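**Student:** There's a structure below that I have some questions on.
The values are calculated or read from the model by the stated rules, or taken from the named source; none is laboratory data. What you see is a predicted model; the values in this text were computed from it and never measured. Every residue, glycine among them, receives a Cβ derived from its backbone with ideal geometry; neighbour counts consider all protein chains shown.
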């Protein structure tokens, strides 16, 4: 099936309340343009350098999401244009996003990444780190970021029960934060990828990050 057909199929199976982000890392611009020409404009990238190159070369009305691990010293490159950063995994990084957003006279949407997988290779905050961040008096001074929700990556496994447990733990954290803090924009749960997005949606995801099921295998 073509990129446009894959997109159409996934979108037809998604509830209206769930946003699809097409993960375009290591995909050629021609494939992104195929998606774009079918009317799709929301793409997620994992690497800053690749994200910046594509943003420069492709149509200006594309909505770019940074979904990969982000180093503080690279925030400045994406701050002028990125729509949302899914992978804020420390208070230090959040403060840097705020600083660079201020320089660009912008407010950047951010998701706080939680570590929900039983894998050390996955990044993200623990529940304690998240609580510490949300309770910090400094948070109120960050006027150039908008806290929009949580992001998590499940363990890479065929064990669907384990994945479900991890997704539900993220949903529980989200519900707890919604109940305890006054965060009007805190509405998103970014979880679920090509192999497990239907389960993620079932567990409360509002944003899914799908790559290979749209574009096919990546070129490395």
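**Student:** I'm checking my understanding of the structure. Among residues of the range 100-127 that are modelled with pLDDT of 95 or more and in contact with a helix residue (DSSP H, G or I) (Cβ under 8 Å, 6 or more places away or on another chain), which one is surrounded by the fewest Cβ atoms within 10 Å (Cβ to Cβ)?
**Tutor:** 103
**Student:** Go through the range 210-220 and report how many residues are within 14 Å of residue 156 (Cβ to Cβ) and touching a helix residue (DSSP H, G or I) at 6+ places or on another chain (Cβ under 8 Å).
**Tutor:** Number satisfying all stated conditions: 0.
**Student:** Can residue 7 be described as surrounded by 14 or more Cβ atoms within 10 Å (Cβ to Cβ), under 17 Å from residue 214 (Cβ atoms) and either touching a residue at least 12 places away in the same chain (Cβ under 8 Å) or touching a strand residue (DSSP E or B) at 6+ places or on another chain (Cβ under 9 Å) (or both)?
**Tutor:** Yes: the conditions hold for residue 7.
**Student:** Then there's this: Would you mention how many residues in the range 23-37 are assigned to a loop (DSSP other than H, G, I, E, B) and surrounded by 15 or more Cβ atoms within 10 Å (Cβ to Cβ)? Explain how you work it out, then say what you get.
**Tutor:** Just the residues of the range 23-37 that are assigned to a loop (DSSP other than H, G, I, E, B), to begin with: 24-28.
Narrowing the set further to residues that are surrounded by 15 or more Cβ atoms within 10 Å (Cβ to Cβ) leaves 24-27.
Residues that pass the stated criteria total 4.
**Student:** Also: For the range 89-99, state whether one or more residues are free of Cβ contacts under 8 Å to residues at least 24 places away in the same chain, touching a helix residue (DSSP H, G or I) at 6+ places or on another chain (Cβ under 6 Å) and surrounded by 15 or more Cβ atoms within 10 Å (Cβ to Cβ).
**Tutor:** Among the residues of the range 89-99, at least one is free of Cβ contacts under 8 Å to residues at least 24 places away in the same chain, touching a helix residue (DSSP H, G or I) at 6+ places or on another chain (Cβ under 6 Å) and surrounded by 15 or more Cβ atoms within 10 Å (Cβ to Cβ), which makes the answer yes.
**Student:** Follow-up. Could you list, in sequence order, the residues of the range 147-186 that are over 24 Å from residue 107 (Cβ atoms) and assigned to a loop (DSSP other than H, G, I, E, B)?
**Tutor:** 153, 154, 155, 156, 157, 158, 159
**Student:** Still on this structure: Cβ contacts < 6 Å: first residue closer than 15 Å to residue 194 by Cα, restricted to the range 151-170; second residue at pLDDT 95 or above and loosely packed, with under 14 Cβ neighbours inside 10 Å, any location; separation 6+ or different chain. Result?
**Tutor:** Pairs that qualify, where the first residue is closer than 15 Å to residue 194 by Cα and the partner is at pLDDT 95 or above and loosely packed, with under 14 Cβ neighbours inside 10 Å: there are none.
**Student:** Can you say whether residue 130 is farther than 21 Å from residue 46 by Cα, at pLDDT 95 or above, out of contact with any strand residue (DSSP E or B) (no Cβ under 7 Å at 6 or more places or on another chain) and part of a helix (DSSP H, G or I), as far as the supplied structure shows?
**Tutor:** no
**Student:** Kindly indicate whether residue 143 is within 22 Å of residue 168 (Cα to Cα), surrounded by fewer than 16 Cβ atoms within 10 Å (Cβ to Cβ) and in contact (Cβ under 8 Å) with a residue 40 or more places away in the chain.
**Tutor:** Against the criterion (within 22 Å of residue 168 (Cα to Cα), surrounded by fewer than 16 Cβ atoms within 10 Å (Cβ to Cβ) and in contact (Cβ under 8 Å) with a residue 40 or more places away in the chain), residue 143 does not qualify.
**Student:** Something else now. Could you go through the range 171-185 and let me know if any residue there is more than 19 Å from residue 23 (Cα to Cα) and crowded, with 22+ Cβ neighbours inside 10 Å.
**Tutor:** Let us first name the residues in the range 171-185 that are more than 19 Å from residue 23 (Cα to Cα), namely 171-185.
Within this subset, residues satisfying the condition of being crowded, with 22+ Cβ neighbours inside 10 Å are 174.
Looking for residues that are more than 19 Å from residue 23 (Cα to Cα) and crowded, with 22+ Cβ neighbours inside 10 Å, one finds at least one in the range 171-185, hence yes.
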